[in-house]
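Beneath this line is the structure, given in C-alpha coordinates, with notes to follow.
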Amino acid sequence: MVSSLFNDKNLALFQMGIKKVVELLSTNMKDNQQPFSGILPHELAVSFQGVDLDKPLDNLDDALTEISDLYLKDAVYFHQPKYLAHLNCPITYQAILADLLATSINTAVETWDQSGGATFIEQSLIDWTVAKIGLGDAADGVFTSGGTQSNLMAMLLARDYQCQQYFGSSNKQQGLAKDFHRLKIFTSQVSHFSIQKAAAILGLGYDAVVSVPCDPYFRMDAVKLAQALEYCHQAGDIPMAVVATAGTTDFGSIDPLGCIAGLAKQYGAWFHVDAAYGGGLLITPHYHHKLAGIEQADSVTIDYHKSFFQPVSCSAFFVKQKKHLSVVTYHAEYLNPLSQQQAGVPDLCNKSIQTTRRFDALKLWLSLRTVGANSLGLALEQVMHLAQQAYSLLSSDSEIEVVHFPQLSTLVFRYLPKNNPNLKLVDETNRFIRTQLSRQGQALIAATKIEGHQYLKFTFLNCTTQIKDVQQVLMLIKQYGEQFLNQALSSQLQGSAIAALEIEHA
Ligand SMILES: Cc1ncc(COP(=O)(O)O)c(C=O)c1O
(Lines give C-alpha, C1' and ligand atoms only; values in the text may rest on other atoms or scores of the structure.)
Protein backbone atom coordinates (compact mmCIF):
# COMPACT_ATOMS: atom_id res chain seq x y z
CA MET A 1 0.00 0.00 0.00
CA VAL A 2 2.78 2.47 0.89
CA SER A 3 4.19 2.22 -2.62
CA SER A 4 0.76 3.09 -4.01
CA LEU A 5 0.36 6.36 -2.20
CA PHE A 6 0.71 9.54 -4.21
CA ASN A 7 3.72 11.31 -2.71
CA ASP A 8 7.18 12.50 -3.62
CA LYS A 9 8.61 8.98 -3.19
CA ASN A 10 6.34 7.41 -5.80
CA LEU A 11 6.46 10.02 -8.52
CA ALA A 12 8.19 7.74 -11.03
CA LEU A 13 5.47 5.10 -10.66
CA PHE A 14 2.82 7.79 -10.90
CA GLN A 15 4.32 9.19 -14.12
CA MET A 16 4.50 5.72 -15.62
CA GLY A 17 0.87 5.15 -14.69
CA ILE A 18 -0.16 8.46 -16.24
CA LYS A 19 1.67 7.53 -19.44
CA LYS A 20 -0.17 4.21 -19.62
CA VAL A 21 -3.53 5.85 -19.00
CA VAL A 22 -2.86 8.45 -21.69
CA GLU A 23 -1.86 5.68 -24.13
CA LEU A 24 -5.00 3.72 -23.31
CA LEU A 25 -7.16 6.79 -23.77
CA SER A 26 -5.47 7.68 -27.06
CA THR A 27 -5.89 4.19 -28.53
CA ASN A 28 -9.43 4.14 -27.33
CA MET A 29 -10.28 7.54 -28.80
CA LYS A 30 -8.76 6.58 -32.16
CA ASP A 31 -10.42 3.15 -32.31
CA ASN A 32 -13.88 4.25 -31.22
CA GLN A 33 -15.33 6.24 -34.07
CA GLN A 34 -18.95 6.14 -33.00
CA PRO A 35 -20.66 7.34 -29.82
CA PHE A 36 -21.71 3.94 -28.53
CA SER A 37 -21.08 0.23 -29.05
CA GLY A 38 -24.79 -0.57 -28.96
CA ILE A 39 -24.46 -3.12 -26.17
CA LEU A 40 -27.54 -3.97 -24.09
CA PRO A 41 -27.46 -4.04 -20.25
CA HIS A 42 -27.89 -7.83 -19.96
CA GLU A 43 -25.10 -8.40 -22.48
CA LEU A 44 -22.63 -6.22 -20.57
CA ALA A 45 -23.72 -7.59 -17.18
CA VAL A 46 -22.23 -10.98 -18.16
CA SER A 47 -18.72 -9.47 -18.24
CA PHE A 48 -19.04 -8.42 -14.59
CA GLN A 49 -19.87 -11.89 -13.35
CA GLY A 50 -16.26 -13.04 -13.18
CA VAL A 51 -14.95 -10.02 -11.29
CA ASP A 52 -13.90 -10.78 -7.71
CA LEU A 53 -13.31 -7.48 -5.93
CA ASP A 54 -11.63 -9.30 -3.04
CA LYS A 55 -8.90 -10.49 -5.40
CA PRO A 56 -6.82 -7.65 -6.83
CA LEU A 57 -5.11 -8.16 -10.18
CA ASP A 58 -1.34 -8.48 -10.19
CA ASN A 59 -0.48 -5.27 -11.94
CA LEU A 60 -1.74 -1.98 -13.33
CA ASP A 61 -1.57 -3.21 -16.95
CA ASP A 62 -4.05 -6.00 -16.27
CA ALA A 63 -6.31 -3.68 -14.29
CA LEU A 64 -6.31 -1.15 -17.12
CA THR A 65 -7.10 -3.87 -19.66
CA GLU A 66 -10.02 -4.91 -17.46
CA ILE A 67 -11.23 -1.29 -17.29
CA SER A 68 -10.95 -1.07 -21.03
CA ASP A 69 -13.20 -4.14 -21.38
CA LEU A 70 -15.72 -3.26 -18.70
CA TYR A 71 -15.92 0.48 -19.20
CA LEU A 72 -14.15 2.15 -22.13
CA LYS A 73 -15.27 -0.32 -24.80
CA ASP A 74 -18.95 0.38 -24.16
CA ALA A 75 -18.82 3.90 -22.73
CA VAL A 76 -20.91 6.64 -24.32
CA TYR A 77 -18.69 9.21 -26.03
CA PHE A 78 -20.00 12.76 -25.88
CA HIS A 79 -17.16 14.13 -28.00
CA GLN A 80 -18.33 12.15 -31.04
CA PRO A 81 -20.09 14.41 -33.57
CA LYS A 82 -23.10 12.11 -33.81
CA TYR A 83 -23.78 12.13 -30.08
CA LEU A 84 -26.95 14.23 -30.19
CA ALA A 85 -28.83 12.93 -27.15
CA HIS A 86 -28.75 14.56 -23.73
CA LEU A 87 -27.27 17.76 -22.30
CA ASN A 88 -23.75 16.32 -22.20
CA CYS A 89 -20.99 18.37 -23.72
CA PRO A 90 -17.54 17.63 -25.07
CA ILE A 91 -15.02 19.16 -22.67
CA THR A 92 -11.86 21.23 -22.94
CA TYR A 93 -8.69 19.19 -22.46
CA GLN A 94 -7.44 21.92 -20.15
CA ALA A 95 -10.32 21.09 -17.80
CA ILE A 96 -9.13 17.47 -17.69
CA LEU A 97 -5.63 18.63 -16.78
CA ALA A 98 -7.09 20.80 -14.01
CA ASP A 99 -9.07 17.83 -12.71
CA LEU A 100 -5.90 15.76 -12.63
CA LEU A 101 -4.23 18.47 -10.57
CA ALA A 102 -7.15 18.88 -8.16
CA THR A 103 -7.56 15.14 -7.71
CA SER A 104 -3.84 14.57 -7.21
CA ILE A 105 -3.64 17.13 -4.44
CA ASN A 106 -7.04 15.84 -3.22
CA THR A 107 -8.09 19.29 -2.06
CA ALA A 108 -11.34 19.43 -0.15
CA VAL A 109 -12.79 22.91 -0.40
CA GLU A 110 -15.07 22.96 2.62
CA THR A 111 -12.82 24.98 4.87
CA TRP A 112 -9.99 27.40 4.36
CA ASP A 113 -7.69 25.25 6.48
CA GLN A 114 -8.10 22.37 3.99
CA SER A 115 -7.93 24.32 0.79
CA GLY A 116 -5.95 27.59 0.79
CA GLY A 117 -5.87 29.02 -2.73
CA ALA A 118 -8.66 26.70 -3.86
CA THR A 119 -11.11 28.67 -1.73
CA PHE A 120 -10.13 31.87 -3.50
CA ILE A 121 -10.25 30.25 -6.94
CA GLU A 122 -13.81 29.07 -6.27
CA GLN A 123 -14.83 32.42 -4.79
CA SER A 124 -13.34 34.32 -7.73
CA LEU A 125 -15.38 32.24 -10.17
CA ILE A 126 -18.50 32.80 -8.08
CA ASP A 127 -17.86 36.58 -8.11
CA TRP A 128 -17.14 36.50 -11.85
CA THR A 129 -20.42 34.69 -12.57
CA VAL A 130 -22.37 36.93 -10.20
CA ALA A 131 -21.12 39.94 -12.20
CA LYS A 132 -22.09 38.29 -15.51
CA ILE A 133 -25.61 37.62 -14.18
CA GLY A 134 -25.77 41.14 -12.73
CA LEU A 135 -27.02 40.03 -9.33
CA GLY A 136 -25.47 42.96 -7.47
CA ASP A 137 -23.03 43.59 -4.65
CA ALA A 138 -24.85 41.62 -1.94
CA ALA A 139 -24.88 38.45 -4.03
CA ASP A 140 -22.91 35.29 -3.44
CA GLY A 141 -22.88 31.63 -4.42
CA VAL A 142 -21.26 28.26 -4.06
CA PHE A 143 -20.28 25.35 -6.28
CA THR A 144 -22.65 22.38 -6.19
CA SER A 145 -22.79 18.86 -7.60
CA GLY A 146 -25.20 19.92 -10.35
CA GLY A 147 -28.43 21.62 -11.30
CA THR A 148 -30.49 19.26 -9.17
CA GLN A 149 -28.63 20.23 -6.01
CA SER A 150 -28.71 23.91 -6.95
CA ASN A 151 -32.48 23.79 -7.49
CA LEU A 152 -32.87 21.98 -4.16
CA MET A 153 -30.90 24.75 -2.46
CA ALA A 154 -33.09 27.37 -4.12
CA MET A 155 -36.29 25.75 -2.87
CA LEU A 156 -34.77 25.24 0.59
CA LEU A 157 -33.84 28.91 0.92
CA ALA A 158 -37.21 29.99 -0.48
CA ARG A 159 -39.13 27.71 1.89
CA ASP A 160 -37.29 28.89 4.98
CA TYR A 161 -37.50 32.54 3.97
CA GLN A 162 -41.27 32.31 3.45
CA CYS A 163 -41.84 30.41 6.70
CA GLN A 164 -40.00 33.22 8.48
CA GLN A 165 -42.05 35.85 6.63
CA TYR A 166 -45.48 34.26 7.05
CA PHE A 167 -45.23 32.29 10.28
CA GLY A 168 -42.36 34.04 12.03
CA SER A 169 -40.78 30.64 12.56
CA SER A 170 -37.33 29.27 11.91
CA ASN A 171 -37.47 25.93 10.11
CA LYS A 172 -33.78 25.51 10.79
CA GLN A 173 -34.37 25.55 14.52
CA GLN A 174 -37.90 24.29 15.01
CA GLY A 175 -38.62 22.23 11.91
CA LEU A 176 -41.45 22.90 9.49
CA ALA A 177 -44.09 25.43 10.53
CA LYS A 178 -47.57 24.02 11.22
CA ASP A 179 -49.13 25.61 8.16
CA PHE A 180 -46.36 24.67 5.73
CA HIS A 181 -48.79 22.86 3.40
CA ARG A 182 -50.00 26.30 2.29
CA LEU A 183 -46.67 26.88 0.51
CA LYS A 184 -46.89 26.56 -3.28
CA ILE A 185 -44.22 26.50 -5.99
CA PHE A 186 -45.05 27.74 -9.49
CA THR A 187 -43.14 26.43 -12.46
CA SER A 188 -43.89 25.70 -16.11
CA GLN A 189 -45.21 22.36 -17.27
CA VAL A 190 -41.92 21.68 -19.08
CA SER A 191 -39.51 22.65 -16.29
CA HIS A 192 -36.97 20.15 -14.95
CA PHE A 193 -38.14 17.36 -12.64
CA SER A 194 -35.66 18.46 -9.97
CA ILE A 195 -38.25 21.01 -8.84
CA GLN A 196 -40.73 18.23 -8.02
CA LYS A 197 -37.91 16.29 -6.39
CA ALA A 198 -36.94 19.28 -4.27
CA ALA A 199 -40.56 19.77 -3.17
CA ALA A 200 -40.70 16.14 -2.05
CA ILE A 201 -37.33 16.22 -0.26
CA LEU A 202 -38.27 19.44 1.53
CA GLY A 203 -41.42 17.86 2.95
CA LEU A 204 -43.81 19.88 0.79
CA GLY A 205 -44.67 17.06 -1.60
CA TYR A 206 -45.26 17.03 -5.35
CA ASP A 207 -48.72 18.50 -4.71
CA ALA A 208 -47.11 21.78 -3.69
CA VAL A 209 -45.89 22.27 -7.26
CA VAL A 210 -48.32 24.17 -9.50
CA SER A 211 -47.69 23.36 -13.14
CA VAL A 212 -48.17 26.51 -15.21
CA PRO A 213 -49.15 26.02 -18.88
CA CYS A 214 -46.83 27.19 -21.66
CA ASP A 215 -47.34 29.36 -24.74
CA PRO A 216 -46.92 27.75 -28.19
CA TYR A 217 -43.14 28.21 -27.87
CA PHE A 218 -42.92 26.13 -24.67
CA ARG A 219 -42.29 29.21 -22.50
CA MET A 220 -44.20 29.72 -19.29
CA ASP A 221 -47.38 31.63 -20.14
CA ALA A 222 -47.19 34.78 -18.00
CA VAL A 223 -50.95 35.35 -18.15
CA LYS A 224 -51.58 31.83 -16.88
CA LEU A 225 -48.98 32.38 -14.17
CA ALA A 226 -50.74 35.58 -13.07
CA GLN A 227 -54.04 33.67 -12.88
CA ALA A 228 -52.48 30.83 -10.90
CA LEU A 229 -50.85 33.24 -8.44
CA GLU A 230 -54.11 35.11 -7.95
CA TYR A 231 -55.98 31.85 -7.40
CA CYS A 232 -53.38 30.83 -4.81
CA HIS A 233 -53.76 34.16 -3.05
CA GLN A 234 -57.59 33.95 -3.06
CA ALA A 235 -57.44 30.41 -1.68
CA GLY A 236 -55.37 31.61 1.27
CA ASP A 237 -52.27 29.70 0.13
CA ILE A 238 -48.75 31.12 0.00
CA PRO A 239 -46.85 31.58 -3.27
CA MET A 240 -43.53 30.32 -1.93
CA ALA A 241 -41.56 30.52 -5.16
CA VAL A 242 -41.81 31.02 -8.89
CA VAL A 243 -39.26 28.97 -10.81
CA ALA A 244 -38.53 30.17 -14.33
CA THR A 245 -36.42 28.08 -16.68
CA ALA A 246 -33.80 29.65 -18.92
CA GLY A 247 -33.30 26.77 -21.32
CA THR A 248 -35.77 23.95 -20.81
CA THR A 249 -34.33 20.46 -21.12
CA ASP A 250 -36.43 19.47 -24.11
CA PHE A 251 -37.10 22.66 -26.05
CA GLY A 252 -34.34 25.01 -24.87
CA SER A 253 -37.14 27.52 -24.32
CA ILE A 254 -36.48 30.53 -22.13
CA ASP A 255 -39.35 31.72 -19.97
CA PRO A 256 -40.15 35.47 -20.09
CA LEU A 257 -37.89 36.29 -17.14
CA GLY A 258 -38.65 40.02 -16.80
CA CYS A 259 -42.40 39.48 -16.79
CA ILE A 260 -42.17 36.60 -14.33
CA ALA A 261 -39.88 38.61 -12.05
CA GLY A 262 -42.57 41.33 -11.86
CA LEU A 263 -45.31 38.82 -11.00
CA ALA A 264 -43.18 37.08 -8.38
CA LYS A 265 -42.51 40.42 -6.74
CA GLN A 266 -46.17 41.42 -6.84
CA TYR A 267 -47.18 38.23 -5.00
CA GLY A 268 -44.20 38.15 -2.65
CA ALA A 269 -42.82 34.94 -4.15
CA TRP A 270 -39.15 33.99 -4.24
CA PHE A 271 -37.97 34.22 -7.87
CA HIS A 272 -35.62 31.42 -8.92
CA VAL A 273 -34.14 31.06 -12.41
CA ASP A 274 -33.04 27.57 -13.42
CA ALA A 275 -30.40 28.48 -16.01
CA ALA A 276 -28.69 25.07 -15.71
CA TYR A 277 -28.67 24.82 -19.50
CA GLY A 278 -29.11 28.42 -20.72
CA GLY A 279 -26.51 29.85 -18.31
CA GLY A 280 -23.87 29.61 -21.04
CA LEU A 281 -25.61 32.49 -22.84
CA LEU A 282 -23.96 34.77 -20.26
CA ILE A 283 -20.64 34.42 -22.07
CA THR A 284 -21.87 34.43 -25.67
CA PRO A 285 -20.86 37.53 -27.61
CA HIS A 286 -24.33 37.97 -29.17
CA TYR A 287 -27.03 36.27 -27.09
CA HIS A 288 -26.65 37.54 -23.53
CA HIS A 289 -29.84 39.54 -24.07
CA LYS A 290 -31.88 36.32 -24.20
CA LEU A 291 -31.42 36.18 -20.41
CA ALA A 292 -32.73 39.71 -19.78
CA GLY A 293 -34.48 39.70 -16.41
CA ILE A 294 -32.21 37.08 -14.82
CA GLU A 295 -30.55 39.87 -12.82
CA GLN A 296 -33.81 40.27 -10.86
CA ALA A 297 -33.70 36.70 -9.57
CA ASP A 298 -33.46 35.88 -5.87
CA SER A 299 -31.48 32.81 -6.89
CA VAL A 300 -29.98 31.23 -10.02
CA THR A 301 -28.77 27.76 -11.06
CA ILE A 302 -25.92 27.44 -13.55
CA ASP A 303 -24.34 24.21 -14.80
CA TYR A 304 -20.88 24.81 -16.20
CA HIS A 305 -20.96 21.11 -17.10
CA LYS A 306 -23.57 21.80 -19.76
CA SER A 307 -23.06 24.94 -21.82
CA PHE A 308 -19.58 25.97 -20.57
CA PHE A 309 -17.96 22.72 -21.87
CA GLN A 310 -16.69 21.55 -18.48
CA PRO A 311 -16.50 17.99 -17.13
CA VAL A 312 -19.08 16.62 -14.72
CA SER A 313 -19.41 17.93 -12.01
CA CYS A 314 -19.01 21.65 -12.40
CA SER A 315 -22.00 23.66 -11.34
CA ALA A 316 -23.02 26.50 -9.03
CA PHE A 317 -25.87 28.11 -7.15
CA PHE A 318 -26.23 31.89 -6.67
CA VAL A 319 -28.30 34.15 -4.41
CA LYS A 320 -29.00 37.85 -4.65
CA GLN A 321 -28.70 38.30 -0.87
CA LYS A 322 -25.86 36.29 0.61
CA LYS A 323 -27.49 36.34 4.05
CA HIS A 324 -29.99 33.71 2.83
CA LEU A 325 -27.18 31.17 2.55
CA SER A 326 -27.08 31.05 6.36
CA VAL A 327 -29.93 28.49 6.12
CA VAL A 328 -27.21 25.90 5.44
CA THR A 329 -24.70 27.18 8.00
CA TYR A 330 -23.88 25.08 11.05
CA HIS A 331 -20.84 25.86 13.15
CA ALA A 332 -18.94 22.88 14.55
CA GLU A 333 -15.97 23.36 16.84
CA TYR A 334 -14.04 20.61 15.07
CA LEU A 335 -14.41 22.15 11.61
CA ASN A 336 -15.78 25.67 11.17
CA PRO A 337 -16.24 27.38 14.54
CA LEU A 338 -18.22 30.60 14.65
CA SER A 339 -15.13 32.36 15.93
CA GLN A 340 -13.44 31.54 12.61
CA GLN A 341 -16.24 33.13 10.63
CA GLN A 342 -16.18 36.18 12.91
CA ALA A 343 -12.47 36.49 12.27
CA GLY A 344 -13.23 36.59 8.51
CA VAL A 345 -11.95 33.11 7.63
CA PRO A 346 -13.64 32.08 4.34
CA ASP A 347 -14.96 28.59 5.13
CA LEU A 348 -17.01 27.61 2.08
CA CYS A 349 -18.96 24.90 3.94
CA ASN A 350 -20.83 27.74 5.67
CA LYS A 351 -22.77 28.17 2.45
CA SER A 352 -22.97 24.61 1.14
CA ILE A 353 -25.21 21.65 1.93
CA GLN A 354 -22.18 19.42 1.40
CA THR A 355 -19.25 19.08 3.79
CA THR A 356 -16.36 17.31 2.07
CA ARG A 357 -16.44 18.73 -1.42
CA ARG A 358 -14.34 18.34 -4.56
CA PHE A 359 -12.42 21.27 -5.98
CA ASP A 360 -14.56 21.42 -9.12
CA ALA A 361 -13.86 25.08 -9.72
CA LEU A 362 -10.30 24.46 -10.96
CA LYS A 363 -11.59 23.00 -14.24
CA LEU A 364 -13.48 26.15 -15.12
CA TRP A 365 -10.60 28.29 -13.91
CA LEU A 366 -8.05 26.65 -16.23
CA SER A 367 -10.50 26.76 -19.15
CA LEU A 368 -11.05 30.49 -18.62
CA ARG A 369 -7.33 31.18 -18.17
CA THR A 370 -6.38 29.33 -21.37
CA VAL A 371 -9.30 29.00 -23.80
CA GLY A 372 -11.05 32.11 -22.51
CA ALA A 373 -14.71 32.91 -21.89
CA ASN A 374 -15.18 34.40 -25.35
CA SER A 375 -14.17 31.19 -27.16
CA LEU A 376 -16.36 29.08 -24.88
CA GLY A 377 -19.26 31.45 -25.62
CA LEU A 378 -18.59 31.27 -29.36
CA ALA A 379 -18.69 27.47 -29.19
CA LEU A 380 -22.18 27.72 -27.70
CA GLU A 381 -23.22 30.14 -30.43
CA GLN A 382 -21.94 27.69 -33.01
CA VAL A 383 -24.16 24.87 -31.74
CA MET A 384 -27.10 27.28 -31.58
CA HIS A 385 -26.54 28.08 -35.26
CA LEU A 386 -26.24 24.38 -36.06
CA ALA A 387 -29.60 23.80 -34.37
CA GLN A 388 -31.10 26.44 -36.69
CA GLN A 389 -29.57 24.78 -39.75
CA ALA A 390 -30.91 21.44 -38.56
CA TYR A 391 -34.33 23.06 -38.16
CA SER A 392 -34.27 24.11 -41.85
CA LEU A 393 -33.11 20.66 -42.91
CA LEU A 394 -35.79 18.81 -40.95
CA SER A 395 -38.59 21.27 -41.76
CA SER A 396 -38.02 20.86 -45.47
CA ASP A 397 -38.36 17.09 -45.21
CA SER A 398 -41.89 15.90 -45.92
CA GLU A 399 -41.47 12.85 -43.68
CA ILE A 400 -40.49 14.83 -40.58
CA GLU A 401 -42.63 16.97 -38.32
CA VAL A 402 -40.64 19.57 -36.37
CA VAL A 403 -42.20 20.87 -33.17
CA HIS A 404 -40.42 24.18 -32.58
CA PHE A 405 -37.84 26.64 -33.81
CA PRO A 406 -34.75 26.24 -31.60
CA GLN A 407 -34.21 28.97 -29.02
CA LEU A 408 -31.03 27.32 -27.78
CA SER A 409 -29.60 24.12 -29.20
CA THR A 410 -32.25 21.39 -29.00
CA LEU A 411 -34.73 20.28 -31.62
CA VAL A 412 -37.80 18.11 -30.98
CA PHE A 413 -39.37 16.33 -33.96
CA ARG A 414 -40.83 13.03 -35.10
CA TYR A 415 -40.85 10.79 -38.12
CA LEU A 416 -44.28 11.27 -39.66
CA PRO A 417 -44.52 10.08 -43.26
CA LYS A 418 -47.22 11.74 -45.36
CA ASN A 419 -49.21 8.57 -45.97
CA ASN A 420 -49.12 8.35 -42.23
CA PRO A 421 -50.88 5.43 -40.65
CA ASN A 422 -52.48 5.69 -37.24
CA LEU A 423 -50.74 7.70 -34.51
CA LYS A 424 -50.22 4.64 -32.33
CA LEU A 425 -48.10 3.15 -35.09
CA VAL A 426 -46.28 6.48 -35.48
CA ASP A 427 -45.43 6.36 -31.76
CA GLU A 428 -44.13 2.81 -32.08
CA THR A 429 -42.13 3.74 -35.16
CA ASN A 430 -40.41 6.64 -33.39
CA ARG A 431 -39.66 4.46 -30.38
CA PHE A 432 -38.17 1.86 -32.70
CA ILE A 433 -36.02 4.48 -34.47
CA ARG A 434 -34.43 5.58 -31.21
CA THR A 435 -33.87 2.04 -29.96
CA GLN A 436 -32.43 0.97 -33.28
CA LEU A 437 -30.04 3.94 -33.42
CA SER A 438 -28.82 3.11 -29.92
CA ARG A 439 -28.45 -0.58 -30.79
CA GLN A 440 -26.35 0.22 -33.85
CA GLY A 441 -24.47 2.92 -31.94
CA GLN A 442 -23.54 5.08 -34.98
CA ALA A 443 -25.61 7.96 -33.60
CA LEU A 444 -27.37 8.65 -30.32
CA ILE A 445 -30.45 10.83 -30.06
CA ALA A 446 -32.90 11.48 -27.21
CA ALA A 447 -36.65 11.08 -26.95
CA THR A 448 -39.52 12.78 -25.17
CA LYS A 449 -43.30 12.81 -25.16
CA ILE A 450 -45.72 15.58 -26.03
CA GLU A 451 -49.36 15.07 -25.09
CA GLY A 452 -48.69 11.36 -24.74
CA HIS A 453 -47.09 10.97 -28.17
CA GLN A 454 -43.55 9.85 -28.87
CA TYR A 455 -41.09 12.40 -30.25
CA LEU A 456 -37.36 12.39 -30.92
CA LYS A 457 -34.84 15.02 -29.86
CA PHE A 458 -31.49 16.33 -30.99
CA THR A 459 -29.39 18.13 -28.39
CA PHE A 460 -26.49 19.99 -29.99
CA LEU A 461 -23.59 20.80 -27.67
CA ASN A 462 -20.69 19.68 -29.81
CA CYS A 463 -19.15 22.35 -31.99
CA THR A 464 -17.41 19.69 -34.10
CA THR A 465 -20.79 18.37 -35.26
CA GLN A 466 -21.53 19.56 -38.78
CA ILE A 467 -24.73 19.71 -40.76
CA LYS A 468 -23.52 16.75 -42.85
CA ASP A 469 -23.49 14.67 -39.64
CA VAL A 470 -27.09 15.70 -39.01
CA GLN A 471 -27.97 14.78 -42.60
CA GLN A 472 -26.48 11.32 -42.10
CA VAL A 473 -28.39 10.83 -38.83
CA LEU A 474 -31.57 11.96 -40.56
CA MET A 475 -31.01 9.35 -43.28
CA LEU A 476 -30.69 6.65 -40.63
CA ILE A 477 -33.83 7.89 -38.88
CA LYS A 478 -35.82 7.67 -42.09
CA GLN A 479 -34.31 4.32 -43.03
CA TYR A 480 -35.24 2.75 -39.67
CA GLY A 481 -38.63 4.45 -39.73
CA GLU A 482 -39.43 3.07 -43.18
CA GLN A 483 -38.15 -0.39 -42.23
CA PHE A 484 -40.38 -0.53 -39.15
CA LEU A 485 -43.46 0.77 -40.95
CA ASN A 486 -43.05 -1.66 -43.86
CA GLN A 487 -42.71 -4.57 -41.44
CA ALA A 488 -45.69 -3.40 -39.38
CA LEU A 489 -47.86 -2.88 -42.45
CA SER A 490 -46.95 -6.20 -44.01
CA SER A 491 -47.72 -8.06 -40.79
CA GLN A 492 -51.01 -6.14 -40.59
CA LEU A 493 -51.78 -7.26 -44.13
CA GLN A 494 -50.84 -10.81 -43.26
CA GLY A 495 -53.03 -10.51 -40.15
CA SER A 496 -56.02 -9.41 -42.22
CA ALA A 497 -55.37 -12.10 -44.83
CA ILE A 498 -55.37 -14.73 -42.08
CA ALA A 499 -58.52 -13.19 -40.59
CA ALA A 500 -60.17 -13.28 -44.05
CA LEU A 501 -59.20 -16.95 -44.46
CA GLU A 502 -60.58 -17.73 -41.01
CA ILE A 503 -63.89 -16.05 -41.90
CA GLU A 504 -63.96 -17.97 -45.19
CA HIS A 505 -63.45 -21.30 -43.40
CA ALA A 506 -65.78 -20.54 -40.50
C1 LIG B 1 -33.18 22.80 -17.02
C2 LIG B 1 -32.43 21.83 -16.15
N3 LIG B 1 -32.37 22.05 -14.83
C4 LIG B 1 -31.73 21.20 -14.00
C5 LIG B 1 -31.10 20.09 -14.48
C6 LIG B 1 -30.40 19.14 -13.53
O7 LIG B 1 -29.03 19.30 -13.65
P8 LIG B 1 -28.02 18.16 -13.15
O9 LIG B 1 -28.22 17.00 -14.07
O10 LIG B 1 -26.70 18.82 -13.28
O11 LIG B 1 -28.37 17.83 -11.75
C12 LIG B 1 -31.12 19.82 -15.86
C13 LIG B 1 -30.46 18.63 -16.40
O14 LIG B 1 -30.50 18.34 -17.56
C15 LIG B 1 -31.81 20.72 -16.72
O16 LIG B 1 -31.88 20.51 -18.03
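The values are calculated or read from the model by the stated rules, or taken from the named source; none is laboratory data. What you are looking at is a predicted structure, and each value in this text was computed from that prediction instead of being measured. FYI the Cβ positions are ideal-geometry reconstructions off the backbone, even for glycines, and counts take in every protein chain you see. Areas reflect the complete protein model, heavy atoms only, side chains present, ligands, DNA and RNA absent. Shrake-Rupley method; radii C 1.70, N 1.55, O 1.52, S 1.80 Å.
The figures follow:
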read-out	value
Phe180 accessible area, 1.4 Å probe, all protein chains in place, Å² to nearest 10	60
With all protein chains modelled, accessible area of Lys468 [1.4 Å, Å²]	100
Added length on full extension, which subtracts the Cα-Cα distance from 0.36 nm per residue, Val2 to Val46	12.4 nm
Long-range Cα-Cα pairs in segment 1-83 (distance over 20 Å), rounded percent	48
Tensor-based shape of segment 179-229 (alpha-carbon gyration tensor, a/c under 1.5 rounded, otherwise prolate or oblate)	oblate
Surface/4 of the Cα convex hull for segment 139-328, nm²	10.0
Beta bridges per DSSP with both ends in the chain, % antiparallel, nearest 5	55
Additional length obtainable on full extension of the chain from Lys73 to Thr435, 0.36 nm per residue less Cα span	128.4 nm
Lys19 paired with Asp31, simple spin-label distance in nm, labels 7 Å along Cα-to-beta-carbon	2.1
With all protein chains modelled, accessible area of Val190 [1.4 Å, Å²]	40
Cα lying deepest toward the dipole's positive end in the chain, options Tyr277, Asn462, Gln483, charges on Cβ	Tyr277
Heavy-atom surface of the chain, accessible at 1.4 Å and reported per residue (Å²)	48
Solvent-accessible area, 1.4 Å probe, carbon plus sulfur percent, for segment 374-503	53
Mean-position separation - Cα centroids, segment 74-126 and segment 153-214, in angstrom	31
Peptides ranked, highest mean first, by Cβ atoms within 10 Å: ranges 305-312, 215-222	305-312, 215-222
Computed P(r) (all Cα pairs; segment 240-283; 5 Å bins; percent)	6, 24, 28, 21, 13, 6, 0
Counting DSSP beta bridges with both ends in segment 197-312, the antiparallel % (nearest 5)	20
Segment 139-328, accessible surface, carbon-and-sulfur percent (1.4 angstrom probe)	53
Quotient of C-alpha Rg and 2.2 N^0.38 Å, computed over segment 351-506	1.46
Accessible surface, 1.4 Å probe, highest first, among residues Val142, Val2, Val328	Val2, Val328, Val142
Where the Cα pairs of the chain fall when distances are cut into 10 Å bins, in %	4, 16, 24, 24, 19, 9, 3, 1, 0, 0
Pair Asn59, Asn106: separation of 7 Å Cα→Cβ label points (nm)	2.6
Derived scalar couplings ³J(HN,Hα) [segment 356-367; Karplus, 6.51 cos²θ - 1.76 cosθ + 1.60; whole Hz; x for Gly, Pro]	4, 9, 5, 8, 6, 5, 4, 4, 5, 4, 5, 5
Unit charges on C-beta of K, R, D, E only; dipole of the chain, Debye	800
Cα-derived Rg over Rh, computed across segment 220-331 with Rh taken as Kirkwood radius	1.01
Peptides ranked, highest mean first, by Cβ atoms within 10 Å: ranges 100-113, 29-42	100-113, 29-42
Backbone N within segment 390-406 under 13 Å of label point (7 Å from Asn420 Cα along the Cβ vector)	398-404
Cα pair distances of segment 282-343 binned at 5 Å [whole percent]	4, 13, 15, 18, 16, 14, 9, 7, 4, 1
Residue order for Glu122, Glu333, Glu399 - accessible surface, 1.4 angstrom probe, largest first	Glu333, Glu399, Glu122
Extent along principal axes [Cα atoms of segment 35-186; Å; largest to smallest]	62, 39, 38
Under the Karplus curve 6.51 cos²θ - 1.76 cosθ + 1.60, θ = phi - 60°, whole-Hz ³J(HN,Hα) for segment 476-492, x wherever Gly or Pro sits	4, 4, 5, 5, 5, x, 5, 4, 5, 5, 4, 4, 5, 5, 5, 6, 5
Theoretical ellipticity at 222 nm over the chain - DSSP helices of four or more residues, -39500 (n - 2.57) apiece, nearest 500	-14500 deg cm²/dmol
